[in-house]
Amino acid sequence: MPRFVFRALALLMSVVVLSACSSQFVGDNRHMVPLSRDTLQRLAAMGSSPSEPMVIRVYKQTSELEVWKRTNTGSYALFKTYEVCNWSGELGPKFREGDYQSPEGFYDVTPALMNPKSSYWLSFNVGFPNKFDEVWGRTGTNLMIHGDCKSVGCYAVTDDQIKEIYALARETFSGGNRSFQVQLLPFRMTDANMAANASSPHVAFWTNLKEGTDLFERTRQPPNWDVCEKRYVFNRNDPRANPLDPLGACPAAPGGPV
């Protein structure tokens, strides 16, 4: 075969191969799949809509992920509970990169943390390490909520579930919300569960988290969180306009010290 013919064939084959590879992404709108009619009807029935703010709460011990939505009363209500099919490690926070531990704490997910081209169908980064993690020197990258039921430090759900959860997050951002809160918790933060785990080395950390979860339970509003004196504080300030020094003194709590 003449060399110029071989080169022409090779070029043609390379174009075909490149086109086949790129076709996996061109027109792949998995991140834009609309919410189902059933989901829209369920939101409407609870007095909410796709554009309303949302909160996600995850419980390791029972492998549950809850999506809460703001309703027309102004309060948040539970929309749906999903099964977490895989998470890593044990009860307790993540300390360092490579410890195969799923994180715990309060996080804010912004549009920049959404990952429409995930290897695990769809995913979003929970925002670890946050301000609390950083002041304690905790390290880790790419800690996600994603599909595919596999976990190396992440929280995994099924592909069908992440399609809906991702779409709920997308529509929340489309409604003009700058972020949504994610509460990653060891268990439901009841007094009984705290007493059952009182011997854990993480009990002080969990007691601190419980301050925030108790506020959510009581007010049905996601609390503003920030970090001072190397601990979480809730509803003490506007963390966007007036962030606290994570090593500095904490401001007084409304109504007295907490």
Next item on the list: Kindly indicate whether any position in the range 226-237 is assigned to a loop (DSSP other than H, G, I, E, B), over 14 Å from the mean Cα position of the chain (by Cα) and either under 19 Å from L113 (Cβ atoms) or of a type in the set (V, I, T) (or both).
Entry: no
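Only one of these is touching a strand residue (DSSP E or B) at 6+ places or on another chain (Cβ under 7 Å), on the phi > 0 side of the Ramachandran plot and either among the aromatic types (F, W, Y) or in a loop (DSSP other than H, G, I, E, B) (or both): G92, G127, G137, G98. Name it.
Details: G92 fails: touching a strand residue (DSSP E or B) at 6+ places or on another chain (Cβ under 7 Å); G137 fails: touching a strand residue (DSSP E or B) at 6+ places or on another chain (Cβ under 7 Å); G98 fails: touching a strand residue (DSSP E or B) at 6+ places or on another chain (Cβ under 7 Å).
Result of the check over G92, G127, G137, G98: G127.
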Residues of the range 125-175 being charged (D, E, K, R) and either under 20 Å from F95 (Cα atoms) or touching a residue at least 60 places away in the same chain (Cβ under 8 Å) (or both), in sequence order, are K131, D133, E134, R138, K150, K163, E164, R170, E171
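Please verify whether M189 is among the aliphatic types (A, V, I, L, M) and either part of a loop (DSSP other than H, G, I, E, B) or more than 25 Å from the chain's Cα centre (by Cα) (or both), treating the condition exactly as stated.
yes
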Among A204, A167, the single one that is in a helix (DSSP H, G or I), at pLDDT 95 or above and open to solvent by 30 Å² or more (accessible area, probe 1.4 Å) is A204
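Name every residue in the range 121-132 that is under 15 Å from the mean Cα position of the chain (by Cα) and either farther than 17 Å from Q161 by Cβ or open to solvent by 50 Å² or more (accessible area, probe 1.4 Å) (or both), in order of residue number. Quick ask: steps written out before the conclusion?
Kept after step one, since they are under 15 Å from the mean Cα position of the chain (by Cα), are these residues of the range 121-132: 122-130.
Those that are under 15 Å from the mean Cα position of the chain (by Cα) and either farther than 17 Å from Q161 by Cβ or open to solvent by 50 Å² or more (accessible area, probe 1.4 Å) (or both): N125, G127, F128, P129, N130.
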Flagged pairs (Cβ under 8 angstrom, 6 or more apart or on separate chains; first in the range 57-78, open to solvent by less than 10 Å² (accessible area, probe 1.4 Å); second small (G, A, S)) are K60/S102; K69/S48; K69/A77
Q) Does the range 32-54 contain any residue that is modelled with pLDDT under 95 and over 23 Å from the mean Cα position of the chain (by Cα)? A) no
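The values are calculated or read from the model by the stated rules, or taken from the named source; none is laboratory data. Here the structure is a predicted model, which means the values were calculated and not measured. So basically every Cβ, Gly included, is an ideal-geometry build from the backbone, and we count neighbours across all protein chains shown. The area values use the complete protein model at the heavy-atom level, side chains included, leaving out ligands, DNA and RNA. Shrake-Rupley method; radii C 1.70, N 1.55, O 1.52, S 1.80 Å.
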